[in-house]
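The values are calculated or read from the model by the stated rules, or taken from the named source; none is laboratory data. The model shown is predicted, which means the values in this text are computed figures rather than measured ones. Using ideal geometry, Cβ is built from the backbone for each residue, glycine included, and neighbour counts are taken over all protein chains shown.
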Amino acid sequence: MNPACKICGAATAHFGRQVVLGRFQAEYRRCGTCGYVFVVDPHWLELAYSTAISALDTGIVTRNRWLADATCALLGLSLRDVRRTLDFGGGSGLLVRLMRDRGHDFRWYDAYSPNLLARGFEGDPAGRYDMVTAFELVEHLPDPMATFEQLRSLAPVVVISTELLPPTRQVLDDWWYYAPESGQHIGFFTHASLATVAERLGLRLSSNGCNLHVLAPRTVSPVLLNALRKPARARWLARPGIGKSLAHRDAAWLQSRLQAGQPEPERLDGDRS
């Protein structure tokens, strides 16, 4: 029995096969309605996530610097009512630290990666926020709608980054974003599939058509989102959204905890002290 689309429930067709992690045969299927492409039964995920961040992700620092600029631009020019944000799937905590250094109350959450750079500023995955970010996350999800619904329960504004499947790719080919060597990318979105997600969540999709997307009650200027595709322009547009750094205040708060004999907020293994 052929699996239905994980986004819209429509029928899917065989899209191709390729070797994942150098040893597993993976079947890819494509939705005939929204265009979402996904891997059938990615049974290797435990092995793929033996290390949360792939060694192949050499662009992680450059990407997080760009995302920090792009997010500051959105906060300064469009999403001005946002006060508290949860970075869902926050990895090492690099983005949270960058955003706090720019004056924004960002909190970290990741079910798989240890928090190395934003310790003490963990968020509650059952709490409420003004915005939630999920950068380079949704392409990793075996059950994407369940996670999107969780994100929507956290905040009315959801900002994600993921590379959209180019419409010219009608067969499985050598597109770099498939990343079969790592085995972690298992779902690939089109504009139509993200629009379906937004509709199911009761939100509107704003997108630059490439890699940055906002799901919110109201649309964000496509001109702004398109401008943010270029890192140099994002850096310039970020200026209105950069406030006084929280770094010294954060350090003082952490120091007061230690002086009071309280344990460090978070051990590197991710368990509470």
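Here Trp175 passes the criteria (1) at pLDDT 95 or above; (2) aromatic (Phe, Trp, Tyr); (3) farther than 17 Å from Cys5 by Cβ except the one numbered (1). Restricting the range 124-153 to residues that are more than 26 Å from Ala48 (Cα to Cα) and part of a loop (DSSP other than H, G, I, E, B) leaves a set whose member that is modelled with the lowest pLDDT is Ala126. From the list Arg128, Arg204, Arg152, Arg200, the lone residue that is among the basic types (Lys, Arg), farther than 24 Å from Gln18 by Cβ and surrounded by 16 or more Cβ atoms within 10 Å (Cβ to Cβ) is Arg152. Candidates Leu165, Leu203, Leu212: the one that is among the aliphatic types (A, V, I, L, M) and farther than 18 Å from Glu136 by Cβ is Leu203. Filtering the range 90-103 down to residues that are part of a loop (DSSP other than H, G, I, E, B) and either polar (S, T, N, Q) or surrounded by fewer than 23 Cβ atoms within 10 Å (Cβ to Cβ) (or both), which residue is modelled with the lowest pLDDT? Selected residue: Ser92.
Against the condition on the phi > 0 side of the Ramachandran plot and without any contact (Cβ under 8 Å) to a residue 40 or more places away in the chain, how does Gly93 come out, does it pass? Spelling it out, Gly93 is indeed on the phi > 0 side of the Ramachandran plot and without any contact (Cβ under 8 Å) to a residue 40 or more places away in the chain. Among the conditions (1) under 19 Å from Pro167 (Cα atoms); (2) of a type in the set (Phe, Trp, Tyr); (3) surrounded by fewer than 21 Cβ atoms within 10 Å (Cβ to Cβ), Phe189 misses just one, which is (3).
Among the residues of the range 211-255, count how many are farther than 22 Å from Ser161 by Cβ, of a type in the set (A, V, I, L, M, F, W, C) and not in a loop (DSSP other than H, G, I, E, B). Please lay out each step first, then the result.
Residues of the range 211-255 that are farther than 22 Å from Ser161 by Cβ, as a first pass: 243-255.
With of a type in the set (A, V, I, L, M, F, W, C) added as a condition, the list becomes 246-247, 251-254.
Pick out the ones that are also not in a loop (DSSP other than H, G, I, E, B) and you get 247, 251-254.
Of the residues in the range 211-255, 5 are farther than 22 Å from Ser161 by Cβ, of a type in the set (A, V, I, L, M, F, W, C) and not in a loop (DSSP other than H, G, I, E, B).
Answer with yes or no whether Gly261 is within 26 Å of Thr147 (Cα to Cα), at pLDDT below 95 and not charged (D, E, K, R). Break it down stepwise before answering.
Details: within 26 Å of Thr147 (Cα to Cα): no; at pLDDT below 95: yes; not charged (D, E, K, R): yes.
No.
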